[in-house]
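All remarks here apply to the structure that follows.
The values are calculated or read from the model by the stated rules, or taken from the named source; none is laboratory data. Because the structure is a prediction, the values reported are computed rather than measured. Cβ placement follows ideal geometry from the backbone for every residue including glycine, while neighbour counts extend to all protein chains displayed. These accessible areas exclude ligands, DNA and RNA; they are computed on the full protein's heavy atoms, side chains included. Shrake-Rupley method; radii C 1.70, N 1.55, O 1.52, S 1.80 Å.
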Amino acid sequence: MSGDQARAIALTILAGFDRHYGLFRYNAQQAKAAFERGDAAAAFKLFKPLAEEGDASAQFWLGQMYDLGKGVQQNISEAVRYLSLSAASGSSLGQNNLGGLYRDGKGVPRDFARAQQWFTESASQGNGAAMYNLGLMYELGHGTRQDAIDGHLEISRRCRAAGVDTLVVFDTHWLVNANYHINCAPHFKGTYTS
């Protein structure tokens, strides 16, 4: 094969690759737009082939749709399957929502350790909902008393790292349970009002 023939074949392959992934991106945008305008059935039809090709975002959306019964009959087993694929592919949304299924025992046996694992993975990518879910697990005692204290400290650390200088806690119950009562912890710095 000559050099010109090899270049022609390579360009043909690249052009097909670009067309395929350009169409892939277009279909994902169309699917999200359909979902946002309330046409969940159309969104499902567009997300399905993308999810089957391994798109983590489309897998997340299908997991959500199966979980909620939007655009498709509710099927928790399929929700778990697609959210698991999405989470394993690194989607912070998939990780957070899969963590929620494990925390709640929805479609899977309740497993706080696995829920914590997925929330932690998602939170490490900056997912605020996962950070909240992780803190909530500690607050509700889905761990040890030390976990509650560590959860509070972790929330503080992440807030500082994100440049947050003020944190408002509307439910101080967890501060009391973590041995940080508003009026009796001189070693705990901050301004508290109730």
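Observations
- Close pairs from segment 85-114: first over 20 Å from Glu139 (Cβ atoms) and touching a residue at least 60 places away in the same chain (Cβ under 8 Å), partner surrounded by 22 or more Cβ atoms within 10 Å (Cβ to Cβ) and of a type outside the set (Lys, Arg), Cβ under 6 Å, at least 6 apart: none
- Of the numbered criteria (1) open to solvent by 40 Å² or more (accessible area, probe 1.4 Å); (2) in a helix (DSSP H, G or I); (3) modelled with pLDDT of 80 or more, the one Phe47 fails is (1).
- Total residues in segment 60-91 satisfying the condition of being modelled with pLDDT under 95, open to solvent by 30 Å² or more (accessible area, probe 1.4 Å) and assigned to a helix (DSSP H, G or I): the figure is 3.
- In segment 105-128, the qualifying residues are those that are open to solvent by less than 50 Å² (accessible area, probe 1.4 Å) and among the aliphatic types (A, V, I, L, M), and the one that is farthest from Gln95 (Cα to Cα) is Val108.
- Residue in segment 111-129 that is of a type in the set (Val, Ile, Thr) and at pLDDT 80 or above present: yes
- Screening segment 20-44 for residues that are of a type in the set (A, V, I, L, M, F, W, C) and in contact with a Phe, Trp or Tyr (Cβ under 9 Å, 6 or more places away or on another chain) and picking the one that is modelled with the lowest pLDDT gives Ala28.
- Counted residues, segment 55-103 - those being among the aliphatic types (A, V, I, L, M) and under 10 Å from the mean Cα position of the chain (by Cα): 4
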